[in-house]
Amino acid sequence: MQHLIIVGSTGSIGNSTLDIVRQHPDRFCVAALAAGSNSDLLIKQALEFRPQLVHIAAPDRYQQVRDALVSEGIEVLSGQEELQQLPSRSKGGTLVNAIVGNRGLAVVVNAIEAGKRICLANKEPLVSAGRLVRKLLERHQVQLLPIDSEHSAILQCIQGEDPRQIRRIILTASGGTFRGRRSLSGITPAEALNHPNWSMGNKITIDSATLMNKGLELIEAYWLYPVTADRIDIVIHPQSIVHSLVEFNDGSMKAQLGLPDMRIPIQYALTFPEHLDLKMDRLDLAAIGTLTFEEPDEQLFPSLRIAREALQRGGTYPAALNAANEAAVELFLKGQIEFTGIFQLIEETLANHTSIENYTLEDIFALDEEIHSQLVAS
Ligand code: NAD
Ligand code: MG
């Protein structure tokens, strides 16, 4: 029986994770749940799954959640420190990190130090502090399994293979809502939030529309798999059926296919290396008929170039990129900047950035705050 600590339980990945728990009550139970502000759903989830601990981030929702759950013998917490310490305070052995943004970094670090297994949807911590996270994983002998569908695909492709024989990793990208456009001017948040294939939270949906999601995933892949940055390629695949590919030294390629449903990679991370039963629609290749692939338009969407450069420059460049992107997406969603202003803010931030080569966790937290307050408060 795996006891799960699910952080971000009310979001898209969190809900899908709970659906897997529901399907396999003999394999999984919930030790802790955490959410941002959706107190009604959090209470409902807690009453169904009966965790020992529940955390609500929004201070004005704490009393409501406490009143609903305390008589059920469930401890209710709030506050940033309490969220960060949730893994070590909980009896659960596996963290499913499904919150958005680099606020998940402190939670990951706490979980690793407490020896918990990590199933990671929240890619931003690996982007901003990949080297530190890897070091901690090695020091504490902790396993980290990706939930991101592309990285799960790669994990599945390299099973039984010698890592030294991997020549290239090819990440697929849907191309987002604006694939094929000639211009990105005048785009509204509502248009950008309309993803063709995946139903996801707002931040990653905007990242998909700018292609920055793929830029972040390139950096994520670099920290997860034994390849140099120049051996990670991106191909646009609008149907989102091939989730990524690995090419070996002899030119042979392996791909992983499936419907665009995050329950597959979530369950694989939870049960790795097993493929358990999963009740959902099956992929019907004949019904899909055609799978297509094309080059990304790097002129109109500079995200891949920006991410590659940040990774190659190293130090805190990827952390600055991630922080600027988080702030820029927030501003765009509030209607305060143009869609193309997202690229501009990120490029300006990186141009003015002074990198720290051997950064500490504190450096990353400080950088996040500094860039956020510079961009969002100004
Ligand atoms: P979402 O917006 O649907 O859900 C986010 C969750 O985080 C919610 O439960 C929310 O309550 C919680 N949260 C927000 N602010 C919080 C705070 N301050 N403190 C505590 N909790 C807070 O997002 P999502 O689409 O589920 O994505 C989650 C992560 O997974 C992201 O990092 C995303 O990049 C990654 N991811 C998502 C998908 C997907 O299909 N949705 C695919 C791959 C990777
Ligand atoms: Mg992905």
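The values are calculated or read from the model by the stated rules, or taken from the named source; none is laboratory data. Note that the coordinates shown come from a computational prediction; the quantities given were computed from them, not determined experimentally. Positions of Cβ are generated from backbone atoms using ideal geometry, with glycine treated the same way; all protein chains shown enter the neighbour counts. Remember, those area values only see protein heavy atoms, side chains included, never the ligands or the DNA or RNA. Shrake-Rupley method; radii C 1.70, N 1.55, O 1.52, S 1.80 Å.
Here are the numbers for the structure shown:
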| item | result |
| --- | --- |
| Pick from the range 147-196, criterion more than 25 Å from residue 249 (Cβ to Cβ), modelled with pLDDT of 95 or more and in contact with a Gly (Cβ under 9 Å, 6 or more places away or on another chain), ranking: farthest from ligand 1 (Cβ to nearest atom) | 188 |
| Breaking point among (1) open to solvent by 10 Å² or more (accessible area, probe 1.4 Å); (2) more than 28 Å from residue 335 (Cα to Cα), for residue 197 | (2) |
| Residues within the range 324-339 that are surrounded by 18 or more Cβ atoms within 10 Å (Cβ to Cβ) and either farther than 15 Å from residue 377 by Cα or among the polar types (S, T, N, Q) (or both), tallied | 2 |
| Matching entry among 307, 286 (being among the small types (Gly, Ala, Ser), open to solvent by 40 Å² or more (accessible area, probe 1.4 Å) and assigned to a helix (DSSP H, G or I)) | 286 |
| The listed residue being surrounded by fewer than 18 Cβ atoms within 10 Å (Cβ to Cβ) and over 20 Å from residue 228 (Cα atoms), out of 159, 165, 143 | 143 |
| Residue in the range 344-355 that is in the same structural domain as residue 220 (by TED's automatic domain parsing) and under 30 Å from residue 188 (Cβ atoms) present | no |
| Any hit, the range 205-222, residues being at pLDDT 95 or above, of a type outside the set (S, T, N, Q) and away from ligand 1 (no atom under 16 Å from the Cβ) | yes |
| Subset tally (residues that are more than 16 Å from ligand 2 (Cβ to nearest atom) and either open to solvent by less than 30 Å² (accessible area, probe 1.4 Å) or part of a loop (DSSP other than H, G, I, E, B) (or both)) for the range 15-36 | 15 |
| Tabulated pairs, the range 1-21, first farther than 15 Å from residue 65 by Cβ and touching a residue at least 12 places away in the same chain (Cβ under 8 Å), second of a type in the set (Asp, Glu) and within 14 Å of ligand 1 (Cβ to nearest atom), C-beta under 9 angstrom, 6+ apart or interchain | 16/261 |
| All positions within the range 37-50 that are within 15 Å of ligand 1 (Cβ to nearest atom) and surrounded by fewer than 17 Cβ atoms within 10 Å (Cβ to Cβ) | 37, 40, 41, 44 |
| Subset of the range 172-230 [away from ligand 2 (no atom under 15 Å from the Cβ), among the basic types (Lys, Arg) and in contact with a strand residue (DSSP E or B) (Cβ under 7 Å, 6 or more places away or on another chain)] | 179 |
| Only one of 109, 127, 100 that is within 14 Å of ligand 1 (Cβ to nearest atom) and surrounded by fewer than 24 Cβ atoms within 10 Å (Cβ to Cβ) | 100 |
| Pairs, first within 12 Å of residue 315 (Cα to Cα) and in a helix (DSSP H, G or I) in the range 356-371, second at pLDDT 95 or above and open to solvent by 40 Å² or more (accessible area, probe 1.4 Å), C-beta under 7 Å, six or more apart | 363/356 |
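Okay, residues lined up against (1) in contact with a helix residue (DSSP H, G or I) (Cβ under 8 Å, 6 or more places away or on another chain); (2) among the polar types (S, T, N, Q); (3) open to solvent by 10 Å² or more (accessible area, probe 1.4 Å):
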| site | (1), (2), (3) |
| --- | --- |
| 210 | yes, yes, no |
| 220 | yes, no, no |
| 225 | yes, no, yes |
| 230 | no, no, yes |
| 239 | yes, yes, yes |
| 252 | no, yes, yes |
| 256 | yes, yes, yes |
